[in-house]
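> Here you go, one structure.
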Amino acid sequence: MMSDAIAAMPKPATTAYSVLGAASFCHLLNDMIQSLFTAAYPIFKGGFDLGYAQLGFLTLTYQVTASVLQPLVGSYTDRNPKPYSLSFGMGVSLLGLLVLAYASNFSLLLCGSALLGMGSSVFHPESSRLARLASGGAHGLAQSIFQVGGNVGSAIGPLLVAFIVLPNGQKSLAWFALAALVGMVIMVGLGNWYKNQGHAKPPVKRAKVVHAHLTGAQVSRALTVLFCLMLSKWFYLASFTSFYIFYLMQRFSLPEQQSQIFLFVFLAAVAAGTLIGGPIGDRIGRKKVIWVSIAGTLPFALILPHAGLGATIVLSVIIGLVLSSAFSAIVVYAQELVPGRVGMISGLFFGLAFGMGGIGAALLGVLADWTSIYFVYKVCAVLPAIGFLAAFLPNLDEGRPKPENG
């Protein structure tokens with residue numbers, strides 16, 4: 001009798017690595033397309049005679065568009081899951097890429113950047129939900145696998161610009177529309193899996209609360225702390241993604257192509273750190289990873305503006321590894337803090353990432369025009385100190401069930 005009851009119990013879900021791998025690859029293609037945009041800033045700067053402030057506002061347009069829309073999209077798909085919206089989001093990004101390739105003025109560049117932001121706003125919330133559904137309980141690992149695809153795509157962008165776009169000009173950006181088409185086909189298959197697993201139905205009840213010991217005020221304070229940590233992380237990352245090429249060119253008189261390669265090195269370190277952070281959070285607790293990741297960047301950030309070329313490259317790798325390990329932990333921590341709202345939380349935090357990066361790029365671009373790129377890096381060096389606020393996060397890891405990864 002007992003054995004029959006045990007046999008009838010549902011088995012723990014296992015991690016669907018093939019689905020996570022496909023979602024990660026699509027994330028790679030999506031973020032590669034977006035990184036082509038920022039990596040091509042030297043082309044836009046020279047071709048349209050743009051200042052640093054205008055480059056910053058290009059980033060602001062792209063990232064704030066995504067920032068505003070992602071939580072709205074995520075909140076809607078919490079109530080009405082849309083598995084095939086993934087392909088639609090990639091299609092919008094494809095259109096934005098074509099507009100950028102054939103833009104003839106700054107206004108069209110702004111239009112293309114807004115379309116890229118809209119594409120991301122559709123892609124990220126639902127694909128992040130899909131990664132959680134395929135996790136088998138290993139939520140940090142799943143988020144890391146999903147996010148590392150995006151980081152690898154972001155890292156590839158500067159190399160593609162250095163060796164393909166720079167020699168062939170702005171219109172060669174259109175060649176990468178083929179990558180977007182490949183992504184759209186794969187994401188139709190992911191949508192089929194999503195639907196066939198029964199996840200496309202509207203939820204009938206709220207998820208079980210796993211942090212019943214917290215009050216609403218404590219949850220609000222924790223979200224406020226996470227907001228401050230995101231501000232620190234993404235403002236500092238904006239100094240690299242938007243201006244690192246110019247910093248290397250001006251401070252060390254490097255040619256543009258070599259600077260693009262060193263940007264790739266930094267972004268590759270970001271990808272590695274993202275992959276590491278999630279599974280470590282599953283094992284030792286997400287609060288510890290968040291704390292060490294952001295505050296641990298501080299000493300290296302303070303040294304960077306005073307280092308020579310070789311040390312700058314080494315320090316940038318360390319900063320990329322350490323700082324990026326927090327994001328998977330932050331997203332999963334927030335999902336557990338507000339259970340049952342995976343899409344809204346994913347959209348909110350991906351949106352914050354885009355918004356903070358965009359606002360940071362715009363402000364830092366204005367500051368660079370007023371002063372210098374070197375001064376920007378001296379100011380940004382103190383931002384990781386905000387990471388000490390992680391001490392005020394409540395511990396959500398006690399009693400957390402162990403995932404099945406089989």
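> Leaving out ligands, DNA and RNA, what percent of the accessible area of the chain is carbon and sulfur, probe 1.4 Å?
Answer for the chain is 69 percent, counting heavy atoms of protein chains only.
> Only Cα pairs within less than 10 Å get springs; with that Gaussian network setup on the chain, which residue of ALA334, ALA362, ALA311 has the largest fluctuation?
It is ALA311.
> Read phi for every residue in region 23-37 and hand back ³J(HN,Hα) as whole Hz from Karplus 6.51 cos²θ - 1.76 cosθ + 1.60, θ = phi - 60°, with x for Gly and Pro.
Ordered by residue, 3J(HN,Hα) equals 5, 5, 5, 5, 4, 4, 5, 4, 6, 5, 4, 5, 6, 4, 4 Hz.
> Take HIS306 and LEU108, extend 7 Å from each Cα along the Cα→Cβ direction, and tell me the distance between the two endpoints in nm.
It is 4.8 nm.
> Most fluctuating residue of TYR377, TYR62, TYR17 in a GNM of the chain with Cα springs under 10 Å: which is it?
Greatest mean-square fluctuation among the candidates belongs to TYR17.
> Please give the helix 177-196 orientation as an angle from the longest Cα principal axis of the chain, in degrees from 0 to 90, rounded to the nearest 10.
For 177-196 against the chain, the angle is about 10 degrees.
> Taking the chain as the reference, fit the longest principal axis to its C-alpha atoms, fit the long axis of helix 139-160 to the helix C-alpha atoms, and give the angle between the two in degrees, 0 to 90, nearest 10.
Between helix and principal axis, roughly 20 degrees.
> Continuing with the same structure: Would you mind classifying region 254-318 by shape? Square roots of the alpha carbon gyration tensor eigenvalues, ordered a ≥ b ≥ c; an a/c under 1.5 is rounded, otherwise it is prolate if a/b is larger than b/c and oblate if not.
Values: a/c = 4.39, a/b = 1.78, b/c = 2.47.
Taking the square roots of the gyration eigenvalues as a ≥ b ≥ c, region 254-318 is oblate.
> Under a crude label model (7 Å from the Cα following the beta-carbon direction), how far is ASN395 from ASN192 in nanometres?
4.7
> Could you give the angle, 0 to 90 degrees to the nearest 10, between helix 286-295's Cα long axis and the longest principal axis of the Cα atoms of the chain?
In the chain, helix 286-295 runs at an angle near 10 degrees to the longest axis.
> Further question: At most 10 other Cβ atoms within 10 Å plus a DSSP loop assignment makes a site exposed; report the longest stretch of the chain without any exposed trypsin sites (Lys or Arg not before Pro).
1-204
> Please report, to two decimal places, log10 I(q)/I(0) for region 20-107 at q = 0.11, 0.18, 0.24 Å⁻¹ as given by the Debye formula with identical point scatterers on the Cα atoms and no solvent.
Results for region 20-107 at q = 0.11, 0.18, 0.24 Å⁻¹ read -0.39, -0.92, -1.33.
> By how many nm would the segment from THR14 to ILE284 grow when fully extended, if each residue of separation counts as 0.36 nm and the alpha-carbon distance is taken off?
Fully extending the segment from THR14 to ILE284 adds 95.1 nm.
> Right, something else. What full-extension length gain, to one decimal in nm, is calculated for VAL314 and PHE227 as 0.36 nm per residue of separation minus the Cα-Cα distance?
Here the segment from VAL314 to PHE227 would lengthen by 28.4 nm.
> Another question, if that's okay. Relative to the present Cα-Cα distance, how much length would full extension add between LEU181 and LYS45 at 0.36 nm per residue of separation?
Additional length available on full extension: 46.1 nm.
> 7 Å from Cα along Cα→Cβ at both VAL379 and GLN250: what's the point-to-point distance in nm?
1.2
> Let me ask something additional. In whole angstrom, and with the biggest value first, how far do the Cα coordinates of the chain range along each principal axis?
77, 43, 34
> Something else: Taking a probe of 1.4 Å, how large is the accessible area per residue of the chain, in Å²?
Per residue, the chain has an accessible area of 40 Å².
The values are calculated or read from the model by the stated rules, or taken from the named source; none is laboratory data. A quick note: this is a predicted structure, and the numbers were derived from the prediction, not measured. All Cβ positions, even for glycine, are placed from backbone atoms using ideal geometry, and neighbour counts span all protein chains on display. The protein model used for the area step is the full one, side chains on, heavy atoms only, and it has no ligands, DNA or RNA in it. Shrake-Rupley method; radii C 1.70, N 1.55, O 1.52, S 1.80 Å.
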